[in-house]
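Each reported figure results from applying straightforward, stated rules to the coordinates on display, with no laboratory input. Remember, predicted model here, so these are calculated numbers, not experimental data. For neighbour counting, all protein chains shown are included, and Cβ atoms are generated from backbone atoms with ideal geometry for every residue, glycine included.
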Number of protein chains: 2
Amino acid sequence: MKIKRIAVTGGAGQIAYSLLFRIANGDFLGPNQPVALHLLDLPQFEGALKGVQMELDDCVFPLLKEVKVGSDAEEVFGGVHYAFLVGAKPRGPGMERKDLLADNGKIFVGQGKALNNAASKDVRVLVVGNPCNTNCLIAMHNAPDLPRTSFHAMTRLDQNRGVFQLAQKANVHTTEVTHMTIWGNHSATQVPDFLNAKIHGGPAVKLLDRKWLETEFVSIIQKRGAEVIAARGKSSAASAANAAVGALKAITEPTPHGQWFSSAVYTENNPYGIDEDLVFSFPCRSKGQGDFEIVKGLEIDSFLKEKIAITQKELMEERDLVRGLLK
Amino acid sequence: MKIKRIAVTGGAGQIAYSLLFRIANGDFLGPNQPVALHLLDLPQFEGALKGVQMELDDCVFPLLKEVKVGSDAEEVFGGVHYAFLVGAKPRGPGMERKDLLADNGKIFVGQGKALNNAASKDVRVLVVGNPCNTNCLIAMHNAPDLPRTSFHAMTRLDQNRGVFQLAQKANVHTTEVTHMTIWGNHSATQVPDFLNAKIHGGPAVKLLDRKWLETEFVSIIQKRGAEVIAARGKSSAASAANAAVGALKAITEPTPHGQWFSSAVYTENNPYGIDEDLVFSFPCRSKGQGDFEIVKGLEIDSFLKEKIAITQKELMEERDLVRGLLK
């Protein structure tokens, strides 16, 4: 079987530290697919990257055939079939959203160009580094030779958090909760859609109190990241890495009949009338190999409609702030 | 399928953070075995434990049916079928070996008693927290109702490191290196056995320079942990967690015909004349379900013999220092 090459940026960071070993173990592409890992980080982290490489070596994963590390995006992205863009500049104290978008924008302009020039033409890209929707939009715009459908931003962690909260409230196992959609931006304006979610195959709204769903449920999902930081003293890493594996796997493997998953994708010709030229989270289904479509015809009631308008507005504002970085 | 309950101590620590998600994903007991995780840590880390639990929840692992957290060993160990004893007190600045052994000794007296009183009678225990051999000896002595063969200390990370170094030197993939034995203590006196190791099914010593094997190879393995710390600025966590999964899996699953693995086990009636009443790393093979034997008849030349005597002496000294904690 031919090796699949997988790039991970922010390779010396905490999410990558949880992600790389899962990929090398076969959790992403399965137990028969040999893989090579290509780790990118800033020049000052090359020592730390080397340490991560040593630990990957010391795991003697049967599927791991090669580990490349470096700080030159074009070099590291050479021939990659998948790219997890995890690294991003975090918001510093007193930093405005505009500055955050601008600083990250520069990173994703460079990585978009590098992917365009060096990656395999069928590369699938998942942006995890925040603000991930707009970072993804920038990378996509700067990779004009790659199909826009090859770019995704991650709302899978929100989806998983939604599934867990519904399961806990309904007192069922998480495997009984399906069709959990996140609409819009991966931010505090995200819209966890309880209306179309199912428990035991039936509408979640038939089992759970609508008032709780509209208020507490939505709020818990939006604030969950902050709750984890408050408890652990560190931001979510292992659960983010797990979501990243799940997100790109969902795009790569055929979606089970009648199911869907959430992914933030390009809005061109979207069936929900969302403004074009955004990266927006929708319910999606895949035929495998990254060939996906947005699931049409979901019910959007007035409650969801209003929330979706807010998250759309936020994404349009973000786009305005990085206009100069788009082609 | 009945749930298997798995305890992990040091649940809020770095190794556990890499280990728990691997177990919950099915990497330890396979893709069909439902599991419950029982996390133990000190009372001051209960908040952090709660954060880890939230992240486990947010992964919606299909196999994970329950997460219990707490700081009372007997409560947390209730009904567990496997115990990864990862938590230990690290050596502080200026701390003597004697103090380190005494401080950790207290922890492992308590955990041995708690396992004895609360765990499933067929529990299999892997001690990862250092000094792991002697910690394991203490726990075993304080769990008189459990078979002594149920207790292991981890030398699997050393084994994996040995495999990687031989593979790299011989320019083959790690899957071509087998029969890698670690003798003795998981410490700087450990003996990575190149004499009985195989590459492509033949003796490693026929392919590689004996001088390199006796000097550099042994030294690299002994110092690898410090090298990782120098590069990452943190001690090995993901590779230690991976080794822990591999170690307890090796004991639980039947060993492939003609193969073996390294594990530190009780020396009673051992076939190599090692002093009795120690926990010493040997080549082992398992019939599955924890029913293992020490592999007999390996060649021990004068080089190995001398090294093994040194590591045995160290373990006997450690035992002398904790004599008061043994039954």
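Some points to look at:
- Ordering B:303-311, B:153-161, A:126-134, B:244-252 by mean Cβ neighbour count within 10 Å, with the highest value first, yields B:153-161, A:126-134, B:244-252, B:303-311.
- Inter-part distance where segment A:111-155 and segment B:219-283 are each reduced to a Cα centre, Å: 42
- Note that segment A:176-182 has calculated 3J(HN,Hα) couplings of 8, 9, 9, 6, 8, 9, 10 Hz, one per residue in order, obtained from phi through the Karplus relation 6.51 cos²θ - 1.76 cosθ + 1.60 (θ = phi - 60°); glycine and proline are x.
- Look at the alpha carbon pairs under 8 Å that are at least 6 residues apart: their mean separation over the length of segment A:163-231 gives a relative contact order of 26 percent.
- As a rough footprinting exposure proxy, the listed residues B:ARG319, B:ARG91 were ranked by other beta carbons within 10 Å of their own, and the order from fewest upward is B:ARG91, B:ARG319.
- Inter-chain neighbour count for B:173-185: the average number of beta-carbon atoms from partner chains within 10 Å of each residue's beta-carbon is 2.
- Chain A, relative contact order in percent, only Cα pairs under 8 angstrom and at least six apart counted: 17
- Neighbouring partner chain Cβ atoms per residue of A:48-57, average, 10 Å criterion: 6
- Rounded, prolate or oblate (a/c below 1.5 giving rounded, otherwise prolate when a/b exceeds b/c) for segment B:239-290 by Cα gyration tensor: oblate
- For A:SER150, A:SER262, the sequence from fewest to most other C-beta atoms within 10 Å is A:SER150, A:SER262.
- Shielding of A:21-29 by partner chains, average beta-carbon count, 10 Å: 3
- Net charge, B:VAL35 excluded, C-beta distance under 10 Å - Lys, Arg +1, Asp, Glu -1: +2
- Sorted ascending by nearby beta carbons within 10 Å, beginning with the fewest, B:CYS59, B:CYS284 become B:CYS284, B:CYS59.
- Antiparallel bridge percentage (DSSP; both residues within chain B; nearest 5): 45
- For segment B:2-90, trypsin sites (Lys or Arg not before Pro) meeting the loop criterion (DSSP other than H, G, I, E, B) and having at most 10 other Cβ atoms within 10 Å: B:LYS2.
- Helices in chain B that qualify as membrane-span-like (whole DSSP H runs, Cα extent of at least 15 Å along the helix axis, mean Kyte-Doolittle hydropathy of -1.0 or higher) are B:14-24, B:46-57, B:97-118, B:156-170, B:218-232, B:238-252, B:302-321.
- 22 Å Cα-Cα threshold exceeded, pairs from A:LYS169/A:LYS313; B:LYS89/B:LYS113; A:LYS68/B:LYS211: A:LYS169/A:LYS313; A:LYS68/B:LYS211
- Prolate/oblate/rounded label for the protein assembly as shown (Cα gyration tensor, a/c 1.5): prolate
- Local electrostatic count at A:VAL265 - Lys and Arg +1, Asp and Glu -1, tallied over other residues with Cβ under 11 Å: -1
- Amide hydrogen proximity for B:VAL69: with H placed 1.01 Å from N in the peptide plane, the residues at 5 or more positions away or on another chain lying under 5 Å are B:LEU39.
- The same position A:GLU317 in the other copies lies at 6.6 nm from this copy, comparing label points 7 Å beyond Cα toward the beta-carbon, shortest first.
- Three-way shape label, segment A:4-153, alpha-carbon gyration tensor, a/c 1.5: oblate
- Placing a label point 7 Å from Cα along the Cα-to-Cβ axis, A:ASP99 is separated from the same position in the other copies by 4.5 nm, shortest listed first.
- Rel. contact order, % - alpha carbon contacts under 8 angstrom, at least six apart, segment A:52-176: 23
- Sites matching chymotrypsin sites (Phe, Trp or Tyr not before Pro) across segment B:167-233 that sit in DSSP coil, with at most 12 neighbouring C-beta atoms within 10 Å: none
- Antiparallel DSSP beta bridges within the protein assembly as shown, percent to nearest 5: 45
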